[in-house]
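A.B. asks: Dumping the structure here so I can ask a few things about it.
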Amino acid sequence: MDSCIVRQPILNRERQIVAYEVMYQAGSHLTSEQLEANAANAIHDFFMELDQTQFLGYKDAFLTFPPNLLIEQIPSVFSNEKLVIQIEDSTLVNPMAKKAVYEYKKQGYRIALIGFEFSPRFLGILDAVDIIKVDFKVPDNPLIPNIINIARQFKKKIAAYNINTYNAAQKATELNVDYMQGQNIADLVPSKIYHMDHLKSNFFQLMVAVTKDEPNIDEIAGIISKDVTLSYRLMKMINSAYFALKNRVTSVKQALTIWGLAQIKQWIYLLSFDHEDNGISMELIRISFLRASLCEMLSKMVKNLPITHSEAYLLGMFSTLGDLMQMPIENSLEQLPISEELKKGLLCQDTICGSLLRLVLEYEKANWGKVRQEAESLGLEVDQVSKSYVECTEDVDKIWNKITHPGTFTEDSE
C-alpha cells in the first residue's frame with residue numbers, strides 16, 4: 001500500500017509558523033469504503049514508526065480524522081498538547097463519532113471544524129469546537145464574513161485555509177483571522193516589486209561552487225573573501241558559542257575547513273535573503289532546503305538523469321528564487337551560471353529534470369494523483385518518494401535548528 005504523508009505550514013497573525021496540517025493518503029485505486037478502512041492503519045502504522053517531534057519541528061499538528069478513526073481511538077497515539085483534531089460534516093452525522101469528539105474534548109484535545117455551514121448540526125457542536133476553519137478559495141464569498149462573525153460570537157478561533165493567492169491572504173488579514181494556510185506559502189508574498197541586487201552579488205557563483213561534486217575550497221574561500229557581508233557573517237558564526245573554539249578563527253579558509261562544506265552549503269542560502277520582515281521568506285528558505293534535499297535524494301534513484309546529484313540539489317534549492325526575489329523565475333535564471341538542462345528543469349519544462357521538480361512540488365501540495373503520474377514517469381515507486389520526504393524533512397529541520405540558533409546547541413544535543 002502506497003501511503004503518503006506531507007505537512008503544510010499554518011501561520012499565525014504575525015506570519016510565523018505555529019503548526020502544520022498533516023495530510024496523508026492511505027492508498028490508491030481503492031473504493032471509498034476501502035480508503036476509510038485503510039486510513040486507520042495508514043495513520044497508526046506511519047506515526048508509530050515516525051518521530052513525530054522531528055517531523056513536526058516541535059510544532060502543533062492539525063490532522064483530519066474520519067468517523068471510524070475517531071471511534072477507534074486512533075487520535076490517542078498523539079499528545080493532547082500537540083494535536084488538533086479536525087472534523088468534517090461526516091462526523092456530525094455519525095452519532096458515535098460525534099460522541100467521540102466530546103470525549104476527546106474532555107481529554108484536553110483541541111477540535112477544529114472544517115466546512116462550517118449555517119445548519120443545526122454545525123451549530124449544535126460548537127460547544128466542543130475550538131477552531132473554525134473557513135475556506136478562502138473564493139475570498140470574495142459573501143458568506144465568509146458572516147461565518148467569521150458567528151465564530152467570534154461563540155469565542156472560537158478562526159483558521160483560513162486555501163490561502164492560495166496573495167489576494168486571499170490580504171482578505172484573511174483584513175478579517176483578522178487567527179491562522180492562515182495554503183498550498184504554497186510563497187503565494188502570501190506580493191510579487192509586484194522586482195529585486196535585482198541579489199543577481200549582482202557573488203551569491204550564485206558561491207552556491208554553484210559549493211554544490212559541485214568535487215568542491216574546491218580555495219575557489220570557495222576566494223568568492224567569500226570578495227563579499228564583505230558573507231565574510232563577516234561566516235566569521236561571526238564560526239566564532240560563536242556553538243563551536244566553542246579555544247582560539248579565534250581569523251581567516252575565511254580556516255573557517256571553511258573547521259565547519260565543513262556540507263554545512264556551508266546550507267548556511268549560504270540562508271544568509272542571502274532578507275528575512276527580518278515577517279518570517280515568510282524564512283519559511284521559503286526552509287522549503288528551499290527541503291526541496292533541494294529531496295531532489296538530490298530522489299535523483300539517486302532516477303535512471304538516465306542528465307544532471308548530477310549536486311545539480312539536482314540546486315534544482316530544488318533554486319526553485320523558490322522567483323518567490324524570494326519577487327520576480328518571474330525566467331528573469332532570475334538569466335544570469336545563473338548553470339547548465340541548460342538544469343534551467344529547463346527549473347522552468348518545469350517537459351524534461352526528466354522538469355518531471356523531478358514537478359514531482360516534488362506536487363507532493364508538497366498533496367496532489368496524490370499527479371504525484372503518482374510523475375513518479376511513474378521517472379520509474380519511481382510512490383513509497384520511495386514518501387519515505388524520502390520524511391527522511392529529508394527530519395534532516396533539514398535538524399540542520400535548520402543549528403544554523404538559525406547556533407548558540408543554543410552543543411555536541412551533546414545531536
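A.B. asks: Based only on other Cβ atoms within 10 Å, what is the fewest-to-most ordering of M235, M96, M180, M297?
C.D. replies: Details: M235 18, M96 11, M180 24, M297 21.
In increasing order of surrounding Cβ atoms, one gets M96, M235, M297, M180.
A.B. asks: In addition: Checking the cross-link filter: which lysines have an alpha carbon closer than 25 Å to that of K343, excluding same-chain neighbours under 8 positions apart?
C.D. replies: Here the lysines satisfying the reach criterion relative to K343 are K192, K200, K212, K265, K300, K303, K365, K370.
A.B. asks: Find out how many positive minus negative residues lie around G345, taking Lys and Arg as positive, Asp and Glu as negative, among other residues whose Cβ is under 14 Å from that of G345.
C.D. replies: Details: positive: R291, K343, K344, R358; negative: E296, E311, E330, E340, E341, D350, E374.
With Lys, Arg at +1 and Asp, Glu at -1, the neighbours total -3.
A.B. asks: Can you tell me the order of 141-148, 374-381 when each peptide is scored by its average per-residue count of other Cβ atoms within 10 angstrom, highest first? Show your work: numbers first, answer last.
C.D. replies: Working: 141-148: 14.8, 374-381: 17.0.
The packing order, highest mean first, is 374-381, 141-148.
A.B. asks: Residue-wise, which Karplus ³J(HN,Hα) couplings in Hz belong to the stretch 5-12, taking 6.51 cos²θ - 1.76 cosθ + 1.60, θ = phi - 60°, and x for glycine or proline?
C.D. replies: Running phi through 6.51 cos²θ - 1.76 cosθ + 1.60 with θ = phi - 60° gives 8, 8, 10, 10, x, 10, 9, 8 Hz.
A.B. asks: Can you work out ³J(HN,Hα) from phi for every residue in the stretch 69-82, in order, using Karplus 6.51 cos²θ - 1.76 cosθ + 1.60 and θ = phi - 60°, giving whole Hz and x for Gly and Pro?
C.D. replies: 5, 5, 5, 7, 6, 4, x, 5, 6, 9, 6, 5, 7, 10
A.B. asks: What distance in nm lies between label points placed 7 Å from Cα along the C-beta direction at M23 and Q183?
C.D. replies: 0.7
A.B. asks: Order of R13, R286 from fewest to most other C-beta atoms within 10 Å? Could you put the intermediate results ahead of the total?
C.D. replies: Details: R13 13, R286 21.
Fewest-to-most Cβ neighbours within 10 Å comes out as R13, R286.
A.B. asks: From the phi of every residue in the stretch 150-160, what ³J(HN,Hα) in whole Hz does the Karplus formula 6.51 cos²θ - 1.76 cosθ + 1.60 yield, where θ is phi - 60° and glycine or proline is x?
C.D. replies: For the stretch 150-160, the Karplus-derived couplings read 4, 4, 5, 4, 8, 6, 9, 7, 10, 10, 8 Hz, x marking Gly and Pro.
A.B. asks: Here's something else I'd like to know. Name the lysines eligible as straight-distance cross-link partners of K155: C-alpha to C-alpha under 25 Å, and not fewer than 8 places from it in the same chain.
C.D. replies: K59, K82, K98, K99, K105, K106, K133, K137, K171
A.B. asks: Hey, fewest Cβ within 10 Å first, where do T351, T91, T257, T393 land in order? Could the numbers behind the result be given before it?
C.D. replies: Numbers: T351 17, T91 26, T257 13, T393 23.
Final ranking by Cβ density, sparse to dense: T257, T351, T393, T91.
The numbers here are math on the coordinates, done by the rules we state, and not lab data. The structure displayed is predicted, hence computed values, not measured ones. Backbone-built Cβ (ideal geometry, glycine too); neighbour counts: all protein chains shown.
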